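Please read the structure below before turning to the comments.
The values are calculated or read from the model by the stated rules, or taken from the named source; none is laboratory data. Worth saying up front: this structure is predicted, and the values here are computed from it rather than measured. When we count neighbours, we look across all protein chains shown, and the Cβ atoms used for this are built from the backbone with ideal geometry, even at glycine. For accessibility, only protein heavy atoms count, side chains too; no ligands or nucleic acids. Shrake-Rupley method; radii C 1.70, N 1.55, O 1.52, S 1.80 Å.
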Amino acid sequence: MSFKAFQPTDIVVSSDSITATLWSTNTPQLTTFFTSSTQVASTAGNYYYNVYQTGSTISGSAVQFALAYGNAAGSGSLNFNNLVNGRSPSSTIYGQYQDLVLGDENTDFIFGTITSSEFIAISFERARYKESLFLGSLGLTIKGPIAASGSITLTDNSNYVSSVAYTNGGMRVFQLMSGSQGVKFSGSATTSDGFSLNSGSYGWFLPDIGTILLNPKALSSPTASGGIGFVFSGSATASAAPVTSPLVPIFTAISGGASFYINSQETITSDFVFVRPQSSEFNYSENPSFISGSTGEVLYSQFINSPQTYITTVGLYNDNNELLAVAKLSRPLSKDFTSEALIRVKLDF
């Protein structure tokens, strides 16, 4: 075993951005959507619905994303306490995203130029989107409540902005527009930005936390204004629950659209370490079978003046001589005084 200290020029750091499909189906498009009746009927169902790619009881079924509805006034869900108006699961969801996204519970969400007191949150399962959502890969189709209302497909406007906007929470934010896979759809029912005519953008695209916030006002607009006439089934009061949870029509609209494109993205950082055995180095072996146990002499004279070794392993040590990593060569590398070698070791983090 021989040691050699690395020089600054022996180590190079490289970063590569890798995109991949987000869904468990390993395809860029999700076309089937299921909820779990057990989860929906539980207390958690008041706050969010988990959405699966297959029936939740089928082997291989996994959560793809969760749906939640947030409302500043607490509308859309029953109050926790009849004596405290406006405090309900929907107000809790709204406040949670205020803190997470905006960093201030007194700041409102502004979709395009329209301030909104409500949103529909699509939060992707953490294991699905890895580091972030891939910009320009979104294509979410949402179907209207009746056949005449048709459907709308939404994407982010990352390809149409000259600079990236950040929330007070320190995360990138892009507006949702009419389009698919980063390409804007133009039409008389939308503005030049691809937003609804009177209700702002269709929401926010937050790639760094794997979240989409839909703007219910834009979706509720009539078809002539760029919406689909999206409506909730009822509203809650202090004494009466909504006819159905707002999450029911939300899920129905997304599952009815039957098309959800999105990809994930992650940055792989690699350290390349270059090991350079020069002609005068690593030519002698410390294998005990080469040395006489009684005299300490080399048993084979040809290894004195014309030694030859075979490099099979590279060990990376710290200053305390502690082994940190081991690299195995695909085949032994012959080494003697007449040859030099260059071994590249790649460390991924």
Spread of Cα-to-Cα distances over 10 Å intervals beginning at zero, given as percent, for region 77-210: 11, 37, 35, 15, 2
Relative packing of peptides 149-157, 214-222 - highest average C-beta neighbours within 10 Å first: 214-222, 149-157
Spatially proximal aspartates and glutamates relative to LYS4 (Cα-Cα < 15 Å; intrachain offsets below 8 disregarded): GLU281, ASP319, GLU322, GLU340
Derived scalar couplings ³J(HN,Hα) [region 326-335; Karplus, 6.51 cos²θ - 1.76 cosθ + 1.60; whole Hz; x for Gly, Pro]: 10, 10, 9, 6, 5, 8, x, 10, 5, 9
Dipole of region 1-150, positive end: most advanced residue of ASN26, SER90, ALA68 [Cβ charges, Cα centre]: ASN26
FRET E, pair SER339, GLU266, Förster distance 41 Å, beta-carbon r, rounded to 0.05: 0.55
Label-point gap, in nm, between ILE114 and LEU83 - each point 7 angstrom along Cα→Cβ: 3.9
Helix-only mean residue ellipticity at 222 nm for the chain, each DSSP H run of n ≥ 4 adding -39500 (n - 2.57), per residue, nearest 500: -2500 deg cm²/dmol
Net lengthening on full extension, ALA44/SER294 (0.36 nm per residue, minus Cα-Cα): 82.4 nm
Percent accessible area from carbon and sulfur atoms, the chain, protein chains only, probe 1.4 Å: 52
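Keeping all protein chains in place, calculate the accessible area per residue for region 186-340 (probe 1.4 angstrom), answer in Å². Spell out each step's value before the answer.
Values: 7970 Å² over 155 residues.
Result: 51 Å² of accessible area for each residue.
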Rounded to 10°, Cα long-axis angle of helix 247-257 versus longest principal axis of the chain: 70
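To the nearest 20 debye, what charge dipole does the chain have about its Cα centre, counting +1 at the Cβ of each Lys and Arg and -1 at the Cβ of each Asp and Glu?
It comes to approximately 940 debye.
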Overall Cα dimensions of the chain - principal axes, largest extent first, Å: 97, 44, 40
Hz values of 3J(HN,Hα) by residue in region 13-30 - Karplus curve (6.51, -1.76, 1.60), Gly and Pro given as x: 9, 9, 10, 10, 8, 10, 9, 7, 5, 8, 6, 5, 6, 6, 10, x, 10, 9
Principal axes of region 1-146: Cα extent on each, largest first, Å: 77, 42, 34
By accessible area with a 1.4 Å probe, ligands and nucleic acids excluded, highest first: order of TYR317, TYR97: TYR317, TYR97
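How big is the Kirkwood radius of region 245-309, worked out from every pair of different alpha carbons and given in Å to one decimal?
Averaging 1/r across every pair of different Cα atoms and inverting gives 18.9 Å.
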Cα shape, region 281-337, gyration tensor, a/c 1.5 rule: oblate
Equivalent ellipsoid semi-axes - Cα gyration tensor, region 89-132, angstrom: 21, 13, 11
